[in-house]
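What follows is one structure encoded as structure tokens, with my remarks underneath.
The values are calculated or read from the model by the stated rules, or taken from the named source; none is laboratory data. None of the values given here were measured: they were computed from a predicted structure. Here the Cβ positions follow ideal geometry from the backbone for every residue, glycine too, while neighbour counts run over all protein chains shown. Ligands, DNA and RNA are stripped out before the accessible areas are found, and what is left, the full protein with its side chains, is counted by its heavy atoms. Shrake-Rupley method; radii C 1.70, N 1.55, O 1.52, S 1.80 Å.
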Amino acid sequence: MSGYLDKSHPAFDEYKSNFVNSALNGGCRIIYLHTSGHASVDEIKKICEITQAKTIIPIHSEKPELLKDIIPSGEVVILQDKESFVL
């Protein structure tokens, strides 16, 4: 993920960089996590528990609505392509 935020990296993404900077400026704490391949349901639950996630925004998910059933402790926000989320 950090390659998307590094201006010198070929994968730099200005939109993602601006999003993260806005979140940081708004007082959010960013934790960088990475799973190789697709994370299992148990791995997603564990990461949400460890980080005490209050808001979960699934990205690159085939069935993001299922997170609402498996992560009851946090708000699951499902965004459509190019849709914004205001902190």
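Take the residues in the stretch 47-60 that are aliphatic (A, V, I, L, M) and surrounded by 10 or more Cβ atoms within 10 Å (Cβ to Cβ), then tell me which one is nearest to D81 (Cα to Cα). Walk me through it before giving the result.
Residues of the stretch 47-60 aliphatic (A, V, I, L, M): 47, 50, 53, 56-57, 59.
If we keep only those that are surrounded by 10 or more Cβ atoms within 10 Å (Cβ to Cβ) as well, we get 47, 50, 53, 56-57.
Details: I47: 24, I50: 28, A53: 22, I56: 16, I57: 12 Å.
Residue satisfying both the conditions and the ranking: I57.
Among the residues of the stretch 14-51, which ones are small (G, A, S) and either modelled with pLDDT under 85 or assigned to a helix (DSSP H, G or I) (or both)? Before the answer, list the steps.
Looking only at the stretch 14-51, we keep the residues that are small (G, A, S), and these are 17, 22-23, 26-27, 36-37, 39-40.
Matches in the stretch 14-51: S17, S22, A23, S36, G37, A39, S40.
What pairs can you find where one residue is in the stretch 61-83 and over 13 Å from V41 (Cβ atoms), the other is basic (K, R) and open to solvent by 100 Å² or more (accessible area, probe 1.4 Å), and their Cβ atoms are less than 7 Å apart, with a gap of 6+ or different chains?
G74/K54; E75/K54; V76/K68
Could you list, in sequence order, the residues of the stretch 1-24 that are more than 26 Å from S73 (Cβ to Cβ), open to solvent by 60 Å² or more (accessible area, probe 1.4 Å) and among the polar types (S, T, N, Q)?
S2, S8, N18, N21
Which condition number in (1) touching a helix residue (DSSP H, G or I) at 6+ places or on another chain (Cβ under 9 Å); (2) open to solvent by less than 70 Å² (accessible area, probe 1.4 Å); (3) over 24 Å from G3 (Cβ atoms) is the one that I44 fails?
(3)
For a quick check of your reading of the model, give me the residue pairs whose first member lies in the stretch 3-30 and is touching a residue at least 12 places away in the same chain (Cβ under 8 Å) and under 17 Å from K54 (Cα atoms), whose second is loosely packed, with under 12 Cβ neighbours inside 10 Å and not small (G, A, S), with beta-carbon atoms closer than 8 Å and at least 6 apart or on different chains.
V20/I30; A23/I30; A23/L87; G26/L87; C28/L87
Can you pull out the residues in the stretch 9-33 that are closer than 14 Å to L87 by Cβ and under 13 Å from the mean Cα position of the chain (by Cα)?
Kept after step one, since they are closer than 14 Å to L87 by Cβ, are these residues of the stretch 9-33: 18-30.
Scanning the stretch 9-33 gives F19, V20, A23, C28, R29, I30.
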